[in-house]
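Only one structure is covered here, and it is reproduced in the block below.
Just so you know, all these numbers are worked out from the coordinates, no wet-lab data involved. As the structure is a prediction and not an experimental result, all values here were calculated from the model. For neighbour counting, all protein chains shown are included, and Cβ atoms are generated from backbone atoms with ideal geometry for every residue, glycine included.
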Amino acid sequence: MKIITSISSVFLGLLVGALILKISGISPLEAYQVMWEGAFSKPQYIAYIIIRSTPLILTGLSVAFAFRTGLFNIGSEGQFIIGALSAAYFGVKFHYPAYLQIPLVLLLSIFFSGIYGGLAGLLKAKFGIHEVISTIMLNWIALYFSNYAVMTEGFHRPYTETSEFINPTTSITFFENIKPTNQFWSDFFRPPVNAGILIAIISILVVWIILNKTTFGFKLKSVGFNPEASRYAGINVEKKMTQSMIIAGSLSGLAGALHVMGVSKNIAILAAHEGYGFDGIAVALIGSNTPFGSLIAGFFLGTLKYSGQKIQSALDAPSEVILIMIGAIIFFIAIPNLWRKKS
Amino acid sequence: MNDIIFLFSTTLMYATPLIFTALGGLMSEKAGIINIGLEGLMTFGAFFASFIALKTGSPWTGLLAGGTAGLILAGLHALASIKFKSNQVVSGMALNFLGTGLSLFLCRLFFDGTSMTPPLSLDNKLPTFMGQYVTIYLALFLTFFIWLIFNKTVFGLRMISVGDHPKASDAAGLTVSLYRTIAVLASGFLAGLGGASLSIAIVSNFRPTLISGQGFIAIAALIFGKWKPESTLFACLFFGFSQALVIFLGGKENLHISSQLLSTLPYFLTLVVLIGFIKNMSAPRALGINE
Amino acid sequence: MIALELKNISKTFGTFKANSNINLQVKKGEVHAILGENGAGKSTLMKIIFGLHQPDAGGEILLNEKSIKIPSAHFAIKSGIGMVHQHFMLIRPFTILQNIILGFEPRNFLGFIDYTKARNEILKISKSYNFNLDLDLKIENISVGMQQRVEIVKTLYRNAELIILDEPTAVLTPQEIEDFYRIISNLKSSGKTIIIITHKLHEIKEIADRCTIIRKGEYIETLDVRSTSEEILASKMVGREVNLKISKEDKIPGEMILEISNLEVKNDKGLLALKNFSLKLARGEILGLAGIDGNGQKELVDALTGLRRVSKGQITLQKKNITNLSPKMIYHEKLAMIPEDRQRRGLIMDYSVKENFVLQRIDQKPFSQYGFIITRELNSFAELLMEKFDIRPRNKELKSSELSGGNQQKIILAREISNNPDVLIAFQPTRGLDVGAIEYIHLELIKLRNQNKAILLISYELDEILNLSDRIQVITEGVASQSFIKPTKEEIGLAMGSGK
């Protein structure tokens, strides 16, 4: 049922996009053709989409995971920043060989972003502060803190608004040296393809196992469905909420870390939020809050965002039509009320 | 003395858009509908206000257009959450994407592919009165007006009943959906005014980073204000003041605090204050619940 | 003169027929009872009369002998129909005055609410019926009995001639019930027509003139109350002979197993809900805790199960101090519970039957190992319990929300018994169930008692307490007041009300 809702909502969203373009005097057929070709006509495009989708899959997974415990993680944005900051910082500061450096930096990023996410859970558990409010605050605190950190001596790259580049052994762009003879794969590996997507897929699997096969997931979902009955059944609801937010935080933080280690290699001063967390909410909703749904929806959103840029240059059509489409899709998902009802 | 005046006016300047928008959120939530889409509504209002003010040369028409734009977009939220009984958080979230997307899309369409509207000339902006933008007086008046609605009028009594116990309102012969719809539309109008008060008074154009999170701060403010117009006003002033403090302290050269770290102050303070007053006991009882 | 007449009224929800071809005739100035079991369709019928539901095509409603359609509650109110719902329709943060005028507010020349005018009008009504209301109190601060009076004044303020009361005495103290009977006779003598929906037989005998019986959505018959016995009313309501008394043999209780001494517990508002409360429970007995809703029962159950902090006093189970242990630890000390509200507290409605069976025990072998769930074990456990407790339909994969109330309650009972508890706390175990399910649950409780388990039965239904208990403790305002062995109903009723 949920899959049908998602698919028909996506279809309707694309239709709304077409309508908006049409009204604006832009041929929707042409626009969608440009997008389609801009996404799939060359192997390197596909590679770029994968790069683009990786953080979205993980922030989507993060939001979806918290949703299953009945929590609305608007804080994915801030957790992403903390993950990125940690990865950049330790990536600059540590000089270990890759086999040590990469796991260490990843673990530390997960650790700090997990704590950051868990903080919102703790504030809810201990003081009854709604996670929507606390995570909004934490998002801004993360942003300004990261901006502050970028400018600290020894981390700041002089004469720029960015940090130093991470130590090369922190990089997860393992495929740089692959030089396939096959034309397709050689084109595919031309963009900075990195191992992030593999880690994202592993995360999807792990979360799926947690939610569906473990007693831990059983209790998390039980809290999400009905906290009161869970409390009667002896489940420590507050603890489960905090744990859920820790995991959600570390997933978003992982997205940030992988982005630094695989794509940007450093972090910069941010004037505003980059929107990875918000896009994660869209991914979770389109993927009906399931791990595999997040994977597919993450790719879908990544494709839209990547190929959407191309109508700007090719047709002079505003690429923000993508945002309108996403909004419309979420709107249609909201309507049939198939989304889990809160008790 | 100058410092105090500076802090005072900067506080009011930052608080004004928040007051409008938080009052909007308050209307909607009092009637039992969560409106997490205030950010999108503000953005939409900000764009239309600046667009119409440019086209007509009248900032007042622009202000009205900003409110109306918010109202129309909020109509989608009303449709989804009242008529179709959708999950209010999800449809509110859709507004955030739609509001931002539509504003930027239309901006590029109307202004040669740029994501900023051209600046308004000084006489095309909203005027100031006694050294402050007129919007602050409007915001204060609206706070009083909404207080009056809530406490003295038939409409207010019914609207609050609908947010507390819709079945009881239904049994009293009231059309629940009517009151909720009016409240959500009003919230769109007010959030639109909030956006407009930024784009045609405080600054002189619309740009993508103009709103950046203030719609969400407005939600925090109304929770902070325990769902009362008068306390919500103070919550907004508190936010405005802490922003003003950041700018004020940032301007002091002998103070060796990073301006970035200072910027976290309002958010830290909010968390600390929220910890102080444990649980949202005064939330409307039927908030977010359909039927 | 006929005040209200229904002819062939039916109401279908999807495929479910809540009402089929109901006929009803209510005479002007009489008190007419509608009698039926839980789920018989009484409330649906009343909602049709009050305009909250529309009947299927084909029937007819006559008000004062004129055929009408009632499209909305607003129309019903305008036509002189008033309704007091079972769950009061009151806005808690509003004052009594605001609640009474809601929807029919007088206005002054500014368009604001004219509270002075409203107040005078209401005071006039209040005086003529002796209601004694302080109009400026907020609903959240007044007693349930007073809330009901507010509801009745509301109908009078709107000039109702026909007043429908849905299960009016369910939440009242015996004293309040007496007051209520007095109010009804006052209303009757001033010419109002009253319809009372109930499943309580003695209530009908007390105040009704005539009584219409509904069973499984169908009209059975209308009887004159004075000339009909309670037994006949009962058998007509259920459709077969009903044994109003359940038979159980006397049993000598065993050793004391649960001891509660000098307990102090606070309610959500931070006020003392239990004051110096003491109780002892022995193996092989059913101890009934009788009391009106809101006298500390909820807080007692919460304290016993570890969900609420005990500020003073002690709870010992099998000589072990279990005061303020976590719910999980108390569960493992073999204290089981049937919670008051099965859908909110007893079950995860979105979980399947088999998942609900292991809610507390998922961490234990054989249901899991190294943190992983062993589905095979969940399946066989579910099959076993569903067979043993005859839970229908026999499908362990169904969501709990897809089962009937009686079967949902059986899931909880099965789950709690399967842990082989020493003590079972049954809190309103038959709430909202039909007679068949009630009998089943009652027999199971007696079976457990005969197996030498200790049972603490907490119920607001005096009949249930009297039928099942070996010993009865009355709780009034958080105090264990009087205790009885085989008392009469009057004795208990008096004790329950005496604290107030």
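Residue-wise HN-Hα couplings along the stretch A:143-150, as the Karplus relation 6.51 cos²θ - 1.76 cosθ + 1.60 with θ = phi - 60° gives them from phi, are 4, 5, 5, 4, 4, 5, 5, 4 Hz; Gly and Pro carry x. Using only Cα atoms, locate the centre of the stretch A:71-89 and the centre of the stretch C:135-189, then give the distance between them in Å, rounded to an integer. After rounding, the separation between the Cα centres reads 56 Å. Counting every other Cβ atom within 10 Å of each residue's Cβ, A:SER86, B:SER258 order from fewest to most as B:SER258, A:SER86.
Stretching the chain fully between C:LYS320 and C:GLN364 yields a gain of 13.6 nm (0.36 nm per residue, less the alpha carbon separation).
Identify the trypsin sites (Lys or Arg not before Pro) of the stretch C:269-377 meeting these criteria: DSSP loop state and at most 10 other C-beta atoms within 10 Å of the C-beta. Passing sites in the stretch C:269-377 are C:LYS269, C:LYS319. Remark on C:GLY288: its backbone amide H falls under 5 Å from those of C:LEU457, C:ASP470, C:ARG471, C:ILE472, C:GLN473, a criterion applied only to residues 5 or more positions apart or on other chains, H modelled at 1.01 Å from N.
In this rough spin-label picture, where each label sits 7 Å from Cα along the Cβ direction, the B:SER121-C:LYS489 distance is 9.0 nm.
Applying a threshold of 20 Å to the alpha-carbon distances of B:LYS83/B:LYS167; A:LYS213/C:LYS334; B:LYS83/B:LYS226 flags A:LYS213/C:LYS334; B:LYS83/B:LYS226 as lying beyond it. Go through the stretch C:38-84 and name the trypsin sites (Lys or Arg not before Pro) that are in a DSSP coil and have 13 or fewer other Cβ atoms within 10 Å of their Cβ. Those that pass, being in a loop and sparsely packed, are C:LYS69.
The alpha carbon centroids of the stretch C:329-370 and the stretch C:35-102 are separated by 40 Å.
With the contact rule set at Cα under 8 Å and sequence spacing of 6 or more, what percent relative contact order holds for the stretch C:153-222? Relative contact order here is 31 percent. Residues A:SER252, C:SER227 in ascending order of nearby Cβ atoms (within 10 Å, fewest first): C:SER227, A:SER252. Relative to one another, the C-alpha centroids of the stretch A:95-143 and the stretch C:281-324 are positioned 41 Å apart. Shown in residue order for the stretch B:191-198 are the 3J(HN,Hα) couplings computed by the Karplus curve 6.51 cos²θ - 1.76 cosθ + 1.60 at θ = phi - 60°: 5, x, 4, x, x, 4, 5, 7 Hz (x for Gly and Pro).
Among the chymotrypsin sites (Phe, Trp or Tyr not before Pro) within the stretch A:94-198, those in coil by DSSP and having at most 16 neighbouring Cβ atoms inside 10 Å are A:PHE94, A:TYR159, A:PHE165. Within the straight-line cut-off of under 12 Å between alpha carbons, the aspartates and glutamates reachable from C:LYS354 are C:GLU377, C:GLU383, C:GLU397, sequence neighbours fewer than 8 places apart in one chain being disregarded. Summarising the amide proton neighbourhood of A:THR214: residues at separation of 5 or more, or on other chains, whose placed amide H is nearer than 5 Å comprise C:ILE373.
Run the dipole for the protein assembly as shown about the Cα centre, Lys and Arg Cβ at +1, Asp and Glu Cβ at -1, nothing else charged, and hand back the magnitude in debye, nearest 20.
In total the dipole reaches around 580 debye.
Under a 5 Å amide H cut-off, with hydrogens placed 1.01 Å from N, C:LEU398 pairs with C:VAL353 among residues at least 5 apart or on other chains.
Any idea what the relative contact order of chain A is, in percent, if you count C-alpha pairs under 8 Å spaced at least 6 apart? Don't jump to the answer; show the numbers that get you there.
Working: 641 pairs, mean separation 129.0, N = 343.
Relative contact order here is 38 percent.
Other residues lying with their Cβ under 10 Å from the Cβ of C:GLU37 contribute a combined charge of +2, Lys and Arg counting +1, Asp and Glu -1. The sum of -39500 (n - 2.57) across all DSSP H runs of n ≥ 4, divided by the residue count of chain B, sets its helix-only mean residue ellipticity at 222 nm to -23000 deg cm²/dmol. By the beta-carbon count within 10 Å of each Cβ, the least crowded to most crowded order of A:THR214, B:THR264, fewest first, is A:THR214, B:THR264.
Taken one residue at a time, the phi angles of the stretch A:199-205 give Karplus couplings (6.51, -1.76, 1.60, θ = phi - 60°) of 5, 4, 5, 4, 4, 4, 4 Hz. Gly and Pro are set to x.
Net charge within 14 Å of B:THR117 by Cβ-Cβ distance, Lys/Arg positive one each and Asp/Glu negative one each, not counting B:THR117 itself? Here the charged neighbours net out to +3. Suppose we keep just the DSSP beta bridges with both residues in the protein assembly as shown; what percent of those would be antiparallel, to 5? So the antiparallel bridges in the protein assembly as shown amount to around 60 percent. Exceeding 32 Å between C-alpha atoms, which entries from my cross-link table qualify? They are C:LYS275/C:LYS319; C:LYS28/C:LYS127; A:LYS126/C:LYS47; A:LYS239/C:LYS320. Result: A:LYS126/C:LYS47 exceed 32 Å.
Measuring from a point 7 Å past the Cα of C:SER261 along Cα-to-C-beta, which residues in the stretch C:471-495 have an amide N at less than 18 Å? Counting only backbone N, you get C:480. The share of alpha-carbon pairs in the stretch B:147-193 lying farther apart than 12 Å comes to 62%. Which entries in A:LYS2/C:LYS410; C:LYS410/C:LYS447; A:LYS2/C:LYS11; C:LYS192/C:LYS236 show an alpha-carbon gap greater than 22 Å? Correct reply: A:LYS2/C:LYS410; A:LYS2/C:LYS11; C:LYS192/C:LYS236.
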